[in-house]
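Peer 1: My structure is below; once you've seen it, I'll send some questions.
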Amino acid sequence: MQLNKCYPKSMTNDYSQDIERTQRTIRPQEMARERERVRENDPQPQMMQQQQQQQAGGKKCPFCGAVNEPEAMFCAQCGQPISKSSCPFCGSEIDPDADFCEACHHYIRKDICSYCGAHLSGNEAYCPECGSPRGGLVCPTCHTMNDFAFCKQCGTALTAEAKELVKELQKNPDYMELMNVVQEYSRLESSLPYNSERDVVREQMNMKLRERMLTLLAKDAGVENPVIPKVSTKRMTKEELEEQKADRIKKLSAILDKLAVPPTSSPVQARNYAMASKPMGVRLAWVCNFKHALHSSPCGCAKPHLGGKWVVLGKNSTAEIKDDK
């Protein structure tokens, strides 16, 4: 009120307009500063910003979705491999927990003995645990150079520990049953079936001729009423033979399922157990849980510790084995 009395009206209006303009200029600045203070004191935006920065520079696990450090090889949340490494021999891309390169067929771990699984410093010429040479072992049976405790070509146990493992496994009832079925299957594989009705008649005639000859020989030796033991033939028709072979393969597959290698932490131990349980006398292939591929043996699999089993291929199988050269 005093302002209006002491000053002219025009000056009063100018002064009021100056105050209003000042408030319009200062008030947005104060409001912006206040929002900045609230933003600085609020932890949630900061956390969101940190997560965004971490996601931008980190590695996301394809298995559980967790974000890991950029240089992480394994997920800190679930333990699965999230990075790839390269083979020191051929440069092929491999998983960080693989100990064998399926591209160039080389064992690539320098800190783990390929024969017994003992830890190494990387410079030893021989494993201090099992005494095996780092350069490989030559199989005394087929003369194949091997990086593992069993020959990848013929399955011969090459180290003392491998031979002991075979002896222990031979006491397993399932393994004993497996070998019996393998022998039956091998006998059937070498059997000669009847090709026609004429073969059946000829077999019967041979049996009668045998009985007559043995009777004459016995009488010449002074035996009045000789008793000639009957001999049962094991020959059968092609259909009967194939049916019995299929039955043995079915039994073999069931037993091999029991002896399957479960997932474990050591590729070397998994590989050795699988090789020790391999029966001879039947054509087999190793099916790995890593890629579900057929290998001639677990020696050709990069990650046998994920598990796998032997499967019967049969004599005339055309199944493709991944690591056959």
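Peer 1: Scanning region 212-222 for residues that are open to solvent by less than 70 Å² (accessible area, probe 1.4 Å) and not polar (S, T, N, Q), which turns out farthest from S232 (Cα to Cα)?
Peer 2: Checked region 212-222; the qualifying residue farthest from S232 (Cα to Cα) is G222.
Peer 1: Cβ-Cβ under 9 Å, sequence separation 6+ or interchain: first residue in region 217-238 and within 29 Å of E197 (Cα to Cα) and outside any loop (DSSP other than H, G, I, E, B), partner among the polar types (S, T, N, Q) and modelled with pLDDT under 85. Which pairs?
Peer 2: Hits for this filter: T237/N195; K238/N195.
Peer 1: Also: Among the residues of region 112-132, count how many are part of a strand (DSSP E or B) and open to solvent by 30 Å² or more (accessible area, probe 1.4 Å).
Peer 2: Count: 2.
Peer 1: Next question, about the same structure. If you check K291, K245, which single one turns out to be over 18 Å from A157 (Cα atoms), open to solvent by 30 Å² or more (accessible area, probe 1.4 Å) and assigned to a loop (DSSP other than H, G, I, E, B)?
Peer 2: K291
Peer 1: Would you mention how many residues in region 173-198 are aliphatic (A, V, I, L, M), modelled with pLDDT of 90 or more and open to solvent by 90 Å² or more (accessible area, probe 1.4 Å)?
Peer 2: Within region 173-198, residues that are aliphatic (A, V, I, L, M), modelled with pLDDT of 90 or more and open to solvent by 90 Å² or more (accessible area, probe 1.4 Å) number 1.
Peer 1: Sticking with this structure for a sec: For T144, are the conditions met, namely being open to solvent by less than 40 Å² (accessible area, probe 1.4 Å) and either among the charged types (D, E, K, R) or touching a Ser or Thr at 6+ places or on another chain (Cβ under 8 Å) (or both)?
Peer 2: No, not satisfied.
Peer 1: Let me ask another. Kindly provide the set of residues from region 92-111 that are open to solvent by less than 50 Å² (accessible area, probe 1.4 Å) and either part of a strand (DSSP E or B) or of a type in the set (G, A, S) (or both), ordered by number.
Peer 2: S92, I94, A98, F100, C101, Y107, listed by residue number.
Peer 1: Any residue in region 306-322 that is open to solvent by less than 20 Å² (accessible area, probe 1.4 Å), touching a residue at least 24 places away in the same chain (Cβ under 8 Å), part of a helix (DSSP H, G or I) and over 21 Å from S190 (Cα atoms)?
Peer 2: Scanning region 306-322 turns up no residue that is open to solvent by less than 20 Å² (accessible area, probe 1.4 Å), touching a residue at least 24 places away in the same chain (Cβ under 8 Å), part of a helix (DSSP H, G or I) and over 21 Å from S190 (Cα atoms).
The values are calculated or read from the model by the stated rules, or taken from the named source; none is laboratory data. What you are looking at is a predicted structure, and each value in this text was computed from that prediction instead of being measured. FYI the Cβ positions are ideal-geometry reconstructions off the backbone, even for glycines, and counts take in every protein chain you see. To get the accessible areas, we keep the full protein, side chains included, count just its heavy atoms, and leave off ligands, DNA and RNA. Shrake-Rupley method; radii C 1.70, N 1.55, O 1.52, S 1.80 Å.
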